[in-house]
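For reference, the structure discussed in these notes is given below.
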Amino acid sequence: MSIIAESSATQIPTGTWSIDPAWSSLEFEVRKIGLVPIKGRVPGFSGAIVGGDDPSLVGAADAASITTFDEMRDGHLQSPDFFDTERYPELRFESREIAFSGDDLLVTGDLTIKGTTKTVELTGSFLGAGVDAYGNDRIALEVEGKVDRTDFGLEWNAPLPGGGLLLPSEVALRATVTATRTA
């Protein structure tokens, strides 16, 4: 395996790969009042990628680890108005299909939030494979997509004095994932 990442792959390298949360990130963004991007991260997650002819991706995230770096807002996100983390402590993703279209990576899978599962489509790229400074084989990929939060029961909102609502229904998702070979 080369230290330099391949620039265009049509297949995730064969093997089982464990997602390394220290080298990865799960992020989301909403535009408050349609103007201000509020970004958040989900630091508590794990998952696995299987490469080869029939690739797959599975992952789970600790809903209580979701942060927007604002204690009051994070507390509201953990409440029943949003993620209800006491009743629904985990968010899950399981791919149904992973395919390449040229250099583009297409991932279709089931996202479960607050006990509701919906199929989502993510697009991105396989960033390549390489060996880190400690001799570990690594792969990396990046995907993004959009979901309607109300499809998952995250319906809380507040009216604005001039009309409209505080929060949009659309949430942008982005994952940059690095994984090490386990088999």
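Derived scalar couplings between HN and Hα for region 64-71 equal 6, 8, 4, 9, 10, 6, 9, 4 Hz in order, rounded to whole Hz, by the Karplus curve 6.51 cos²θ - 1.76 cosθ + 1.60 (θ = phi - 60°), x for Gly and Pro.
Karplus-based coupling profile of region 146-159, in residue order and whole Hz: 10, 10, 8, 4, 5, 5, 9, x, 9, 9, 4, 7, 9, x, with θ = phi - 60° in 6.51 cos²θ - 1.76 cosθ + 1.60 and x standing for Gly or Pro.
Amide H contacts of Ile66: none lie under 5 Å away among residues 5 or more positions distant or on a separate chain (H built 1.01 Å from N in the peptide plane; Pro and chain starts excluded). Note on Gln11/Arg41: beta-carbon distance plugged into 1/(1 + (r/R0)^6) with R0 of 41 Å gives a FRET efficiency of 0.85.
Per residue, the accessible area of the chain comes to 55 Å² when a 1.4 Å probe rolls over the protein heavy atoms. Here the Karplus curve 6.51 cos²θ - 1.76 cosθ + 1.60, taken at θ = phi - 60°, turns the phi angles of region 52-59 into couplings of x, 6, 10, x, 8, 9, 10, x Hz, with x standing for Gly and Pro.
Counting only helical runs of four or more DSSP H residues, what would the 222 nm mean residue ellipticity of the chain come to if each run contributes -39,500 (n - 2.57) and the total is spread over all its residues?
After summing the helix terms and dividing by residue count, I get -1000 deg cm²/dmol.
Surface composition of the chain: carbon and sulfur make up 52 percent of the accessible area, probe 1.4 Å.
Between Leu166 and Ala158, Leu160, the built amide H atoms are under 5 Å apart, and every one of these is 5 or more places off in sequence or on another chain.
The values are calculated or read from the model by the stated rules, or taken from the named source; none is laboratory data. All values derive from a computational prediction rather than experimental measurement. Note that we place each Cβ from the backbone using ideal geometry, even for glycine, and neighbour counts take in every protein chain shown. Accessible surface is based on the protein model in full, side chains and every heavy atom, while ligands, DNA and RNA are left aside. Shrake-Rupley method; radii C 1.70, N 1.55, O 1.52, S 1.80 Å.
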